[in-house]
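The values are calculated or read from the model by the stated rules, or taken from the named source; none is laboratory data. If you're wondering where the values come from, they're calculated on a predicted model, not measured in any experiment. No Cβ is skipped: glycine too gets one built from the backbone with ideal geometry, and neighbour counts run over all protein chains shown.
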Ligand SMILES: *Cc1c(COP(=O)(O)O)cnc(C)c1O
């Protein structure tokens, strides 16, 4: 069986690196949406909780229900707000406020420039009034950066706008509100951190996506993808492998089939610029639904041990390579 190997020490190393930036692990909220970026929701929730994290972020209530007992507080990014002892729900629009059930604990997301989700800057006053009128309990106010991982001014003017939102919320009489804006790139680049939480995803899983001019933080990949041998055969020079026969053996060679394919969420890629595994083995011919072929006789091959390297070969980003991997692949913690 293909499997995903989760390295606990590397995960804890990354969390420690982030704690150095935030000042304490109490300020880290681990983002576990989308099956914990493909690492396995329950697996990563347990590890994070054993490390001592008490805050988590998920996409919906269904995800929150699967990890409920492991955290004090779970922020749900995109689901209807209902009363819940542990979950806090993100309000992305005035419509979300109108839909929320009285008694729900909520966080207001403010659009400071990403223009994807969140309440417009000039709707904040109105939103705060409606939150009170609908008897919702406001726990926090947040925003999201559109370009924390890029040089340029956007990060700075969004920060400034968020500061003005904080002032507005405070002057509207709300106290004891938590404020947060940082994702991985933002916390990795910042020299000083004075907010209440950081919502950290990709950095916890081992990747610093900042461009070169920033001082790199030493992070370690948490995930390794391993495939197991199904069969081995000897090919004569000129014999072809897989659908369409795109690969022709340039000499007599020994080739094995391994149990990973696009049905498992592995990218089909380009046969004529083949993906090269972590051990330097090019995938031969087309990726099938459940199989790949490589020149090896080993029982197991490491397909990748660094999703960022794999993503570069596949013309995408580490996030996509990891989240695409099927939840049915076994996750094994070492
Ligand atoms: C996914 C997400 C994050 C985490 O982003 P990373 O770049 O993976 O750290 C933080 N905040 C919000 C609102 C998100 O949707």
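Here 316, 323 are screened, and the one residue that is free of Cβ contacts under 8 Å to residues at least 60 places away in the same chain, out of contact with any strand residue (DSSP E or B) (no Cβ under 9 Å at 6 or more places or on another chain) and either assigned by TED's automatic domain parsing to the domain that holds residue 36 or within 16 Å of the ligand (Cβ to nearest atom) (or both) is 316. Within the option set 202, 187, being assigned to a loop (DSSP other than H, G, I, E, B), within 13 Å of the ligand (Cβ to nearest atom) and either assigned by TED's automatic domain parsing to the domain that holds residue 267 or at negative phi (or both) holds for one residue only, 202.
How many residues are crowded, with 20+ Cβ neighbours inside 10 Å and under 15 Å from the mean Cα position of the chain (by Cα) when one looks only at segment 34-60?
Going through segment 34-60, the residues crowded, with 20+ Cβ neighbours inside 10 Å turn out to be 35-41, 44-45, 47-48, 53, 55-58.
Subsequent filtering for residues that are under 15 Å from the mean Cα position of the chain (by Cα) retains 35-41, 44-45, 48, 56-58.
So the count comes out to 13.
Does residue 138 satisfy being away from the ligand (no atom under 13 Å from the Cβ), touching a helix residue (DSSP H, G or I) at 6+ places or on another chain (Cβ under 8 Å) and not in a helix (DSSP H, G or I)? Reasoning before the result, please.
Working: away from the ligand (no atom under 13 Å from the Cβ): yes; touching a helix residue (DSSP H, G or I) at 6+ places or on another chain (Cβ under 8 Å): yes; not in a helix (DSSP H, G or I): yes.
Here the answer is yes, as residue 138 does meet what is asked.
Counting only helices (runs of 4 or more DSSP H) that fall entirely inside segment 5-63 and contain at least 3 residues that are out of contact with any helix residue (DSSP H, G or I) (no Cβ under 6 Å at 6 or more places or on another chain), the qualifying elements are 8-22, 41-51.
Condition check ((1) surrounded by fewer than 20 Cβ atoms within 10 Å (Cβ to Cβ); (2) farther than 18 Å from residue 311 by Cα; (3) more than 22 Å from the chain's Cα centre (by Cα)) across all residues:
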| site | (1), (2), (3) |
| --- | --- |
| 200 | no, yes, no |
| 211 | yes, no, no |
| 214 | yes, yes, no |
| 220 | yes, no, no |
| 226 | no, no, no |
| 237 | yes, yes, yes |
